[in-house]
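Notes follow once the structure below has been shown.
The values are calculated or read from the model by the stated rules, or taken from the named source; none is laboratory data. Computed from a predicted model, the values in this text were never measured in an experiment. Here the Cβ positions follow ideal geometry from the backbone for every residue, glycine too, while neighbour counts run over all protein chains shown. Calculation scope for accessible area: heavy atoms of the full protein, side chains included, ligands and nucleic acids excluded. Shrake-Rupley method; radii C 1.70, N 1.55, O 1.52, S 1.80 Å.
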Amino acid sequence: MRNIAVKIMYDGGGYHGWQTQPNGITVQERMEKVLSELTGEIIAVCGCSRTDSGVHALEYVFNFKSNTGIPAERLPYAINTHLGNDGIAAVAAKDVSEDFSARFSSDGKRYVYKIWNSTLQNPFTAKYSWFVPYRLDVENMKIAAEKLCGKHDFSAFMAAGGSQKTTVRTIRECVVKESTEWREQLEVEVEADAFLYNMVRIITGTLVEVGTGRKTVEDIEKIIRDCDRRGAGMTAPPEGLFLKKVFYKPELLEW
């Protein structure tokens, strides 16, 4: 039996997240239905991450096992034909080792969160950013972001409902930068070995509070140290969040 890794991108606005659930259509459910139709088998897929309702992915990886004879390089074309205009597109597929898991073999992930910082809304970014209409001190946000880097207990940046065994994570990079596409758009990029439930959205909400002056740069270290969710900022809305990159060791998966 083959083990096949697939890379997709998707607009999460029309889906109740990645993971199959009873109260709405999810990306996982859609992919399993399409692959089952293509292969004539009952397909279960393993995703690299759980993404919440409304969150997008510029790169998402899953794997599935099948006896299909469809060549891996042709699989994205077959998937996209079945998907139609569903807000999901397969961009690559590859045969991988039997023990490869999109979730457990991952070496880290990178997210980007987009903020539209202007007194006027932009109809072309409204579905894919957080509209913040008041002035933000971007330089202070950049300094605060740097203080989040390193290995820490990030329980203050986890929403209720998280089920992780440990809340210790290593943030490899956390930066705030101006978009090259729109001067009013800010981007918060966070790369870590793993993430807690709503971690990036809470980090973003906290950095925005630094930008408004409700919190200071010096508050960041105390928030981390106190391990108290009440000390951090609000949870930013889902529409501005994108899973940007999933990392694997080259010997396991290299597109």
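Observations on the structure shown:
- Residues of the stretch 203-255 that are farther than 26 Å from LYS7 by Cα, open to solvent by 70 Å² or more (accessible area, probe 1.4 Å) and among the hydrophobic types (A, V, I, L, M, F, W, C): MET234 alone.
- Residues in the stretch 107-123 that are surrounded by 15 or more Cβ atoms within 10 Å (Cβ to Cβ) and touching a strand residue (DSSP E or B) at 6+ places or on another chain (Cβ under 6 Å): GLY108, LYS109, ARG110, TYR111, VAL112, TYR113, LYS114, ILE115, TRP116, ASN117.
- Residue in the stretch 234-245 that is aromatic (Phe, Trp, Tyr) and farther than 22 Å from THR125 by Cα present: no
- ALA93 vs. criteria part of a strand (DSSP E or B), small (Gly, Ala, Ser) and within 12 Å of the chain's Cα centre (by Cα): no
- Contacts under 6 angstrom Cβ, first residue in the stretch 36-56 being without any contact (Cβ under 8 Å) to a residue 24 or more places away in the chain, partner surrounded by fewer than 20 Cβ atoms within 10 Å (Cβ to Cβ) and among the small types (Gly, Ala, Ser), 6 or more apart: ILE42/SER36; ILE43/SER36
- Filtered residues of the stretch 1-26 (kept if farther than 21 Å from PHE100 by Cα and not in a loop (DSSP other than H, G, I, E, B)): TYR10, GLY12, GLY13, GLY14, GLN21, GLY24
- When TYR111, TYR77 are checked against the criterion of being modelled with pLDDT of 95 or more, of a type in the set (Phe, Trp, Tyr) and assigned to a strand (DSSP E or B), TYR111 stands alone in meeting it.
- Of the residues making up the stretch 27-50, those that are in a loop (DSSP other than H, G, I, E, B) and out of contact with any strand residue (DSSP E or B) (no Cβ under 9 Å at 6 or more places or on another chain) number 3.
- Test: residue in the stretch 57-68 that is in a loop (DSSP other than H, G, I, E, B), open to solvent by less than 30 Å² (accessible area, probe 1.4 Å), within 16 Å of GLY87 (Cβ to Cβ) and of a type in the set (A, V, I, L, M, F, W, C): no
- Restricting the stretch 144-188 to residues that are touching a Cys at 6+ places or on another chain (Cβ under 6 Å) and in a loop (DSSP other than H, G, I, E, B), the residue that is farthest from GLY233 (Cα to Cα) is CYS149.
- Taking the listed residues SER101, SER97, SER66, SER106, the one that is touching a helix residue (DSSP H, G or I) at 6+ places or on another chain (Cβ under 8 Å) and among the hydroxyl-bearing types (Ser, Thr, Tyr) is SER66, with no other qualifying.
- Total residues in the stretch 189-198, condition part of a strand (DSSP E or B) and open to solvent by less than 30 Å² (accessible area, probe 1.4 Å): 3
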